[in-house]
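Asker: My questions will all concern the structure given below.
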Amino acid sequence: MFLHSVNLWNLAFYALMVFMATLGLWDVFFGFEENKCSMSYMFEYPEYQKIELPKKLAKRYPAYELYLYGEGSYAEEHKVLPLTGIPVLFLPGNAGSYKQVRSIGSIALRKAEDIDFKYHFDFFSVNFNGELVALYGGSLQKQTKFVHECIKTILKLYKGQEFAPKSVAIIGHSMGGLVARALLTLKNFKHDLINLLVTQATPHVAPVMPLDRFITDFYMTVNNYWILNARHINLTTLSVAGGFRDYQVRSGLTFLPKLSDHTSALSVVSSAVPKTWVSTDHLSIVWCKQLQLTTVRAFFDLIDADTKQITQNPKKKLSVLNHHFIRHPAKHFEENPSIISDLTGTSMWVPVKVSKWTYVAYNDTNSWIFGCINSTSMCRQGVDLSWKAELLPTIKSLTLRLQDYPSLSHLVVYVPSIHGSKFVVDCEFFKKETRSIQLPVTHLFSFGLSSRKVILNTSGLFYNIELLNFGQIYQAFKISVVSKCSAVKEEITSIYKLHIPWSYEDSLTIAQVPSTTEIPVKLHIAQPENDSHVALLKMYTSSDCQYEVTVKTSFSQILGQVVRFHGGALPAYVISSILLAYGGQLYSLFSTGHCLEYATMLDKEAKPYKVDPFVIMIKFLLGYKWFKELWDMCLLPELDAIVLTSQSMCFPLVSLILFLFGTCTAYWGGLLSSTSVRLLSSLWLALKRPSELPKEIKIISPDLPILTIVLIIVSWTTCGAFAILLTYFYYMFKIVHLQASLTTFKNSQTVNPKHSRRSEKKSNHHKDPAVHPLRLSANDAEDSLRMHSTVMNLLTWIVLLSMPSLIYWLKNLRYYFKLNPDPCKPLAFILIPTMALLGNTYTVSVKSSKLLKTTSQFPLPLAVGVIAFGSAHLYRVPCFVFIPLLLHALCNFM
């Protein structure tokens, strides 16, 4: 029945939308590099020593605990307090475990053993009981206050020690990083209790899924505080993102806001971190060996030799983090490096006067290139230029502009005579313009059918390919690099580095040449409006090879970007489409007396031109001061489209694409719902004797008030989402029962259908509902079933959006019987009686209502409201849904 109401063209369209959505989902969940992270292993059995908290604190937070990580002899020695090391506190994220501290804790312990425990770190970890704080924000403030108490408890463990710490370093994974930032918003919190904050895959900008107002309020409080108090916040903060492998938290959300006053914050993607160079997923970022080694090296370089604690010097902290996470010069960190070096000794002076030069040596050194100051014959003193080098996976690279060094007479490559591992020094002089090649990217709507390419014929070692017109998040390309080499006797490696100058999200591709290498190119952060830099493909090449670089648009990756950046808004577009179909059904009932099929109305009413123009018009008018003042006077919230624009997330046509995806999802969801009802009704008929259509329609049955009161009590005493779920089951039961009754009636019908339909229409037309009770005909039952199916589709999405708080409540049921605060309680109080009435509502009881016409007109503006205010704030969506449901229920009485 459902499929029959849709023509083949529409069915083909819905199938096409499924195919396009699948392409986008595939790119998000599978279209990335393989996991190249090495697993970090413990050398000894990990132990987690529970730190005893004050009784009042333990009673106030019964679900939370504090642990000290240790292994082997270290764990045994530190069972007797106090402690003597440097405290680091690990905060797990959404559904995270306190045991995730073991990777960095173990690596730091090995590093301390290597230096005979001259310095060592004590790693503490908080057990948040695996709370789902990314889905339910009601416990974020509670977690923040508990962490504050933990910090005070940790510092007390060092009392009486010679080098007792006065602050702790914090590593926060996922939402744990946001909780750490929220500490500064507490009234009694002293900022100097934290000396360093490192966050891993933390969504700082906005929640991944804004499913309740507690999450968005928490984000607003934290981000507003950091923006307004930027001048007074001296906390050095590092945010590390996982890159495209992390599909749970897209990397764009992890970048801390760039504030002119707050210069002690760094944000970087793991693929750009020196000595890491890999993308990590949301969980592997805490155990990825390459990244944890980098983090531990930075921690040890941050130690102040005088205090034996992490330095309080903000400049040094930022220098260390830049050294290890942004640009590594292939030298050990030095706080005050000696720039001028004496080059006297037994070194042999070998002058080289050619533009290209290669030398094979057998030992490497940290300081390897110097600039001679006013030397004529032999260099005796030089400037150490090695600090300007950049470490890459298989090479150290240094590019110098000679005009920047007018006082230098020679460039000296220092090669020690001691034998060691073999390495090759390649040097060349070139003009910048000969190695900078412009390559305009292909148009967004070329769909990969056209391409542009450049051929590198010269035998250089380095090229800059400028990717012109590339700077938006909706752009995505495939770059193919074909290398052809002549007379290659040994394996040659080329490195292709995608450099994004406006954010630290570079990625590297290592290729063995000759070969064909494909590089996916897309952005985490859009280019700022006032930024004129150009994205670059830096190619470190072999002089024996020629390279052909081709760029073309990747349609699947564009769809992936739509899903990645806007997939969270899809429920709003689905519900908007269902609301439009619902309004169409109500109007058809008012105008014709019959309710059309859900799929037919979805095809007829769910059109993007009914919604998008209004949102665009409102956004345009909000640019005028008078309209903005009127808007604020009406206490209306900020338009979601403006929020997305401020985050550089506005795609061209993205709302249209999402609306089409939403309509497609609404269609297939309706098909699944209809099929489920039919299957359940068949099961009902198989298990129980056949049901009959109700002879009399009673809107308020004797058991209805009792059921409503019981469900409201459940909502008040336990969890609003739980009561909504029970209401959903009750409503589904009513629909299944009606479907079973209609099936039974049709199977037993022996009268002429036309005569039966005519007599039913006649009897219903002359019947006064105020005098005679309403009777339900087969046609009315079918109409009612169609209407109920649409209402159930809306209710299904309300249940899905309320599920996170229900899951959170069930997970913490042993600690708290009542969810507090409860984001779904107000909604439940209104929805329960509304759905109880709708469960007993039939089209015959509302088609003559004076309120029906008005009710049929409400879904359209509400569908606009869902997109305008609910696409970036999903918790608002149910508020728009229950209004037409409530009016529909009131049609029984008016």
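The values are calculated or read from the model by the stated rules, or taken from the named source; none is laboratory data. A quick note: this is a predicted structure, and the numbers were derived from the prediction, not measured. With ideal geometry, Cβ positions are generated from the backbone for all residues, glycine too; neighbour counts draw on all protein chains shown. The accessibility values were calculated without ligands, DNA or RNA, using every heavy atom of the protein model including side chains. Shrake-Rupley method; radii C 1.70, N 1.55, O 1.52, S 1.80 Å.
Asker: For the stretch 277-300, give me each residue that is within 11 Å of MET39 (Cα to Cα), open to solvent by 20 Å² or more (accessible area, probe 1.4 Å) and outside any helix (DSSP H, G or I).
Answerer: Initially, the stretch 277-300 is screened for residues within 11 Å of MET39 (Cα to Cα), giving 284-292.
Within this subset, residues satisfying the condition of being open to solvent by 20 Å² or more (accessible area, probe 1.4 Å) are 287, 289-290.
Within the stretch 277-300, just TRP287 meets the criteria.
Asker: Kindly provide the set of residues from the stretch 797-845 that are aliphatic (A, V, I, L, M), farther than 26 Å from ILE706 by Cβ and either crowded, with 19+ Cβ neighbours inside 10 Å or not assigned by the TED database to the domain that holds CYS595 (or both), ordered by number.
Answerer: LEU801
Asker: Between ILE495, ILE479, ILE473, ILE455, which is under 18 Å from ALA526 (Cβ atoms), among the β-branched types (Val, Ile, Thr) and touching a residue at least 40 places away in the same chain (Cβ under 8 Å)?
Answerer: Values: ILE495 fails: under 18 Å from ALA526 (Cβ atoms); ILE479 fails: under 18 Å from ALA526 (Cβ atoms); ILE455 fails: under 18 Å from ALA526 (Cβ atoms).
Sole residue among the options that is under 18 Å from ALA526 (Cβ atoms), among the β-branched types (Val, Ile, Thr) and touching a residue at least 40 places away in the same chain (Cβ under 8 Å): ILE473.
Asker: Select, from VAL168, VAL205, the only residue that is closer than 25 Å to PHE123 by Cβ and of a type in the set (Val, Ile, Thr). First the steps, then the outcome.
Answerer: Values: VAL205 fails: closer than 25 Å to PHE123 by Cβ.
So the residue among VAL168, VAL205 that is closer than 25 Å to PHE123 by Cβ and of a type in the set (Val, Ile, Thr) is VAL168.
Asker: Residues in the stretch 104-124 that are open to solvent by less than 10 Å² (accessible area, probe 1.4 Å) and in a helix (DSSP H, G or I): how many? Step through it out loud before you land on a result.
Answerer: Taking the stretch 104-124 as the starting set, the residues that turn out to be open to solvent by less than 10 Å² (accessible area, probe 1.4 Å) are 104-106, 108, 112, 122-124.
Okay, now just the ones that are also in a helix (DSSP H, G or I), so 104-106, 108, 112.
Qualifying residue count for the region: 5.
Asker: Against the conditions (1) among the hydrophobic types (A, V, I, L, M, F, W, C); (2) more than 28 Å from PHE244 (Cβ to Cβ); (3) in a loop (DSSP other than H, G, I, E, B), where does ILE575 fall short? Just the number, please.
Answerer: (3)
Asker: Residue check: is THR645 out of contact with any His (no Cβ under 8 Å at 6 or more places or on another chain), open to solvent by 60 Å² or more (accessible area, probe 1.4 Å) and β-branched (Val, Ile, Thr)? Walk me through how you get there before you give the answer.
Answerer: Values: out of contact with any His (no Cβ under 8 Å at 6 or more places or on another chain): yes; open to solvent by 60 Å² or more (accessible area, probe 1.4 Å): yes; β-branched (Val, Ile, Thr): yes.
For THR645, the condition - out of contact with any His (no Cβ under 8 Å at 6 or more places or on another chain), open to solvent by 60 Å² or more (accessible area, probe 1.4 Å) and β-branched (Val, Ile, Thr) - is met.
Asker: Turning to a different aspect of this structure: Residues of the stretch 442-480 being open to solvent by less than 10 Å² (accessible area, probe 1.4 Å) and at pLDDT below 90, which ones?
Answerer: Selection gives LEU456, GLY460.
Asker: Give the residues of the stretch 145-184 that are among the β-branched types (Val, Ile, Thr) and either open to solvent by less than 10 Å² (accessible area, probe 1.4 Å) or in a loop (DSSP other than H, G, I, E, B) (or both), sorted by residue number. Outline the logic, then answer.
Answerer: Keep residues of the stretch 145-184 that are among the β-branched types (Val, Ile, Thr), which gives 147, 151, 153-154, 168, 170-171, 179.
Of everything in the stretch 145-184, those that are among the β-branched types (Val, Ile, Thr) and either open to solvent by less than 10 Å² (accessible area, probe 1.4 Å) or in a loop (DSSP other than H, G, I, E, B) (or both) turn out to be VAL147, ILE151, ILE154, VAL168, ILE170, ILE171, VAL179.
Asker: Here are THR236, THR221, THR263, THR216: which of them is open to solvent by less than 10 Å² (accessible area, probe 1.4 Å) and among the polar types (S, T, N, Q)?
Answerer: Working: THR221 fails: open to solvent by less than 10 Å² (accessible area, probe 1.4 Å); THR263 fails: open to solvent by less than 10 Å² (accessible area, probe 1.4 Å); THR216 fails: open to solvent by less than 10 Å² (accessible area, probe 1.4 Å).
One residue alone meets the criteria, THR236.
Asker: Looking at the stretch 385-397, which of its residues are open to solvent by 10 Å² or more (accessible area, probe 1.4 Å) and either under 18 Å from GLU428 (Cα atoms) or not in a loop (DSSP other than H, G, I, E, B) (or both)? Can you show your working first?
Answerer: Initial filter on the stretch 385-397 (open to solvent by 10 Å² or more (accessible area, probe 1.4 Å)): 387-388, 390-391, 393-397.
Matches in the stretch 385-397: TRP387, LYS388, GLU390, LEU391, ILE395, LYS396, SER397.
Asker: Read through the list (1) assigned to a helix (DSSP H, G or I); (2) within 29 Å of ASP780 (Cβ to Cβ); (3) not basic (Lys, Arg), then give the number of the only condition that ALA569 fails.
Answerer: The failed condition is (2).
Asker: Collect the residues in the stretch 305-352 that are among the polar types (S, T, N, Q), farther than 30 Å from TRP277 by Cβ and open to solvent by 60 Å² or more (accessible area, probe 1.4 Å), keeping them in residue-number order.
Answerer: THR307, GLN312, THR344, THR346
Asker: Same structure, new question: Collect the residues in the stretch 32-48 that are open to solvent by less than 70 Å² (accessible area, probe 1.4 Å) and out of contact with any Gly (no Cβ under 6 Å at 6 or more places or on another chain), keeping them in residue-number order.
Answerer: PHE32, GLU33, ASN35, CYS37, SER38, SER40, MET42, PRO46, TYR48, listed by residue number.
Asker: Six or more apart or on different chains, Cβ under 9 Å: which pairs go from a residue in the stretch 593-606 that's on the phi > 0 side of the Ramachandran plot and at pLDDT below 90 to one that's part of a helix (DSSP H, G or I) and crowded, with 20+ Cβ neighbours inside 10 Å? Could you list them?
Answerer: GLY593/ASP783; GLY593/THR843
Asker: Here's something else I'd like to know. Being more than 21 Å from the chain's Cα centre (by Cα) and open to solvent by 40 Å² or more (accessible area, probe 1.4 Å) is the filter; apply it to the stretch 653-675 and report the residue that is farthest from ALA526 (Cα to Cα).
Answerer: THR675
Asker: Let me ask you something else. Scan the stretch 239-260 for residues that are basic (Lys, Arg) and either buried (at least 20 other Cβ atoms within 10 Å of the Cβ) or at pLDDT 95 or above (or both) and report the count.
Answerer: The initial filter retains those residues of the stretch 239-260 that are basic (Lys, Arg), namely 245, 250, 258.
Going one step further and asking which of them are either buried (at least 20 other Cβ atoms within 10 Å of the Cβ) or at pLDDT 95 or above (or both), we end up with 245, 250.
So the answer is 2.
Asker: Could we say that LEU874 is under 24 Å from GLU605 (Cβ atoms) and without any contact (Cβ under 8 Å) to a residue 40 or more places away in the chain here?
Answerer: Working: under 24 Å from GLU605 (Cβ atoms): yes; without any contact (Cβ under 8 Å) to a residue 40 or more places away in the chain: no.
Against the criterion (under 24 Å from GLU605 (Cβ atoms) and without any contact (Cβ under 8 Å) to a residue 40 or more places away in the chain), LEU874 does not qualify.
Asker: Moving on to the next point. Can you tell me which condition GLN403 does not meet? The list is (1) surrounded by 13 or more Cβ atoms within 10 Å (Cβ to Cβ); (2) at pLDDT 85 or above, and all the others hold.
Answerer: In the conditions (1) surrounded by 13 or more Cβ atoms within 10 Å (Cβ to Cβ); (2) at pLDDT 85 or above, GLN403 misses (1) alone.
Asker: A follow-up question, please. Quick check, is ILE519 within 30 Å of LEU886 (Cβ to Cβ) and β-branched (Val, Ile, Thr)? Give the steps one after another, and end with the answer.
Answerer: On the way: within 30 Å of LEU886 (Cβ to Cβ): no; β-branched (Val, Ile, Thr): yes.
So ILE519 does not fit the description; no.
Asker: All but one of (1) at pLDDT 95 or above; (2) not assigned by the TED database to the domain that holds ASN234 hold for LYS331, so report the exception by its number.
Answerer: Failed condition: (1).
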